[in-house]
1. Test of understanding: ordering Tyr120, Tyr83 by Cβ neighbours within 10 Å, fewest first, what list do you get?
2. 5 Å is the cut-off here: which amide hydrogens, built 1.01 Å from N in the peptide plane, fall below it relative to Arg96, excluding neighbours closer than 5 in sequence?
3. Sort Glu95, Glu55, Glu118 so the one with the fewest other Cβ atoms within 10 Å of its own Cβ comes first.
4. Taking the beta-carbon count within 10 Å as an exposure proxy, list Val116, Val57 from fewest neighbours to most.
Amino acid sequence: MALRNLLLGSVSETIQGKIRAAALLAGAALLGAALVVGTGGLAQADPAAGQRIVEQVCQQCHGLDGIALIDEAPNLSGQKRSYLARQLWAFRAGERQDPKMSPSAIGLSDQDIIDVSEWYSSVHITVEAPQ
């Protein structure tokens with residue numbers, strides 16, 4: 001019985017630690033989302049700054065216009081700014097992992113993420129349904 005309690009206790013502590021870590025990540029993501037979509041204007045998006053970052057960091061895979069240049073990368077043009085920012089924050093925090101995206105996102109500040117997200121979300125696209 002004592003061994004069972006010892007083992008279950010350590011499992012419980014491990015689970016609690018993972019729950020605390022997940023809660024911290026979720027809190028960081030919510031704070032980031034508030035910066036992007038908050039009506040209080042905590043952070044002002046600068047699409048020109050976003051374009052400069054895209055030219056240096058993103059365009060090799062996602063294209064300057066957000067139309068992916070490689071099969072492994074998604075198209076980003078026209079995506080919602082808040083969605084793009086949440087994904088970048090998740091890569092930066094390690095919540096999402098990808099061999100190309102994770103290292104690229106690590107170097108981005110919150111403002112960089114907001115600006116890049118604004119750039120790609122402001123690209124106008126036209127969709128044509130098949131005939």
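Each reported figure results from applying straightforward, stated rules to the coordinates on display, with no laboratory input. In this text the structure is predicted, and so the values were computed from the model without any measurement. Every residue, glycine among them, receives a Cβ derived from its backbone with ideal geometry; neighbour counts consider all protein chains shown.
1. Working: Tyr120 25, Tyr83 14.
With the fewest neighbours first, Tyr120, Tyr83 line up as Tyr83, Tyr120.
2. Counting only residues 5 or more places away or on other chains, the set is Phe91.
3. By the 10 Å Cβ count, ascending: Glu55, Glu95, Glu118.
4. By the 10 Å Cβ count, ascending, the order reads Val57, Val116.
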